[in-house]
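Quick notes on the structure that follows.
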Amino acid sequence: MAGSPHVLRNREVWDGMSEWYQAKHGPQLNTRPLAWGMWAIPEAEIGALGDVSGKVVLELGCGGGQWSMFLAEAGARPVGLDLSEQQLSAARGLMRTPYPLVHADAEQLPFRDASFDVVLSDHGAMIWADPYATVPEVARVLRPGGRLAFNAGTPWVCACDAGNDAPLSERLVNPYFGLHRVDEGDGAATFILGYGDWIRLLRRCGLDIENHIELRPPEDASSAYEPFASLEWARRWPLEAIWVATKAVTPLNG
């Protein structure tokens, strides 16, 4: 698979850690259907996707395919795409209602224009690939009026990351301006943008922003992703947020 150096390295990293990831996080991901983010907040409470019955949905960075699995059972027509063959292997093992799985780079989507009604990503390819490459591709493969809903870490995460695998700080320790690529300790790369950068990028690609949902877990929430961010931290500051945007029927300016 061709791709930029960060794409190739991220593929290698995820192939290497897929088994560990599914063992650690599978019990949460496999048992909480259609739930967003680190705290598994139900889509039924969020309403980011709308009615998906009968719709063709691309899960961008599907991992073990948990979203696609539950979407298929809810009457959608999902397609799961991931960079890691090992993650796709996990998805095949979990699949109960058949749906297509595609091994590909989200920065170069192997689909025709206007192929999907919905594109979703829950801490998937929208953070593990460069958004300046993925967002134009998402806009290309969405049908007019189609919806993009993706969940990603907020700039607060970078601003409060003290490094050395320490829990998130309660103080601002890093600059906000200039956010884009974050190099991880294992050589992988993740991506995060500031709020204005996201707005300009989405609009430039013809996507009309409908909502920005900052996820706040309930008081009794539990997560397999602790202690990177404690429940107390996530209830005080926005750890992750969902962007919802619709492909405009006519191009937007901006």
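Every read-out reported here was derived from the displayed coordinates using simple, explicitly stated rules and does not represent laboratory data. It should be emphasised that the depicted structure is a prediction, and the values quoted were computed from it without experimental measurement. Neighbour counts are summed over all protein chains in view; Cβ atoms, including those assigned to glycine, are modelled from backbone coordinates with ideal geometry.
Assorted remarks:
- Modelled this way, with points 7 Å down the Cα-to-C-beta line, the labels at GLU85 and ARG112 are 2.8 nm from one another.
- Net charge of Cβ neighbours under 13 Å - reference PRO42; Lys, Arg +1; Asp, Glu -1: -2
- Ranked packing of 120-131, 168-179, most packed first, by mean Cβ within 10 Å: 120-131, 168-179
- Distant alpha-carbon pairs in the chain (separation over 31 angstrom), percent: 18
- Comparing ALA72, ALA241, ALA224 in a Gaussian network model of the chain where C-alpha atoms under 10 Å apart are linked, the largest mean-square fluctuation is found at ALA224.
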